[in-house]
Amino acid sequence: MGTALVTGASAGLGLEFAWQLATARHDVVLVARDEERLRRLAAQLEAAAGVRAEVLVADLSVRADLDRVADRLRDDERPVGLLVNNAGFGLAQEFVGGDVAREEYALDVMVRAVMVLSHAAAEAMVRRGRGAILNVGSVAGLLASGTYSAHKAWVRSFTEGLAVELQGTGVTATVVQPGFVHTEFHQRGGIDVSMFPDVTFLNPEDVVAAALADVRRGVVLSTPSLRYRAAAAVARIAPRSAIRAFGRYRKQLQDQEPAPDVAPERS
């Protein structure tokens with residue numbers, strides 16, 4: 001894979017991707033907004049794994065910052081062999097009555113940035129005849145759970161289409177679709193998941209290891225864990241009316257919980 005560029009690298013799955021790639025002896029480019037976290041992580045990775053860790057501070061909702069990351073992916077003198085589009089966050093709001101600026105923010109980070117960075121990476125990788133793009137989706141993309149589901153449904157569909165276009169080029173595209181994962185994601189997003197049993201949560205180490213193994217095998221749809229593969233299979237064949245009914249049931253449960261008092265953040 002050579003050098004890997006990871007967005008949202010300062011926390012959650014992005015942090016785990018950075019560690020696993022570095023310990024596998026890949027140089028890494030770490031992208032996130034939090035410069036202090038990134039520089040601390042870069043120093044830890046270089047000391048522990050003996051790799052080069054480059055820090056690229058960027059807010060992917062800002063076009064100038066996004067363009068700087070895209071330019072790094074196009075740099076043939078410092079080629080990136082793996083792009084991990086991981087940056088994202090939970091909205092912790094309903095669409096109706098919610099802040100539309102926050103909705104646009106989420107769309108910029110979880111849809112537009114994925115498209116722009118994938119385009120830059122794919123063009124550079126195809127020129128070299130090798131490379132891989134890994135987009136972080138979610139089983140939520142199969143459900144009817146607000147605009148987060150819509151964003152992740154787009155990521156899945158986009159990645160599948162990209163994989164078709166890349167056939168025969170030496171470049172692959174994979175989307176990993178985890179369910180609940182033990183990370184900072186829900187806490188930082190002010191999302192209450194106390195209603196869900198612990199058995200529904202995956203360990204980030206397992207999710208990332210499975211995703212990277214599937215990238216190496218050229219798998220397009222990666223769904224870590226047997227239980228989520230089963231859940232995804234059911235969601236794909238179930239009538240959409242049943243999916244919407246499940247969404248209404250989840251909303252009713254969430255409406256019974258106190259409103260979160262933590263503002264959504266992202267890495």
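Any read-out appearing in this document is the output of simple, stated calculations on the displayed coordinates, not a laboratory observation. None of the values given here were measured: they were computed from a predicted structure.
Overview of results
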item: Dimensions in Å of region 1-49 - Rg and Dmax from alpha carbons; result: 9.4, 27
item: Relative contact order [Cα under 8 Å, 6+ residues apart], region 48-150, whole percent; result: 33 percent
item: Under the Karplus curve 6.51 cos²θ - 1.76 cosθ + 1.60, θ = phi - 60°, whole-Hz ³J(HN,Hα) for region 17-25, x wherever Gly or Pro sits; result: 4, 4, 5, 5, 5, 5, 5, 8, 6
item: Hz values of 3J(HN,Hα) by residue in region 73-82 - Karplus curve (6.51, -1.76, 1.60), Gly and Pro given as x; result: 5, 7, 6, 6, 7, 10, x, 9, x, 9
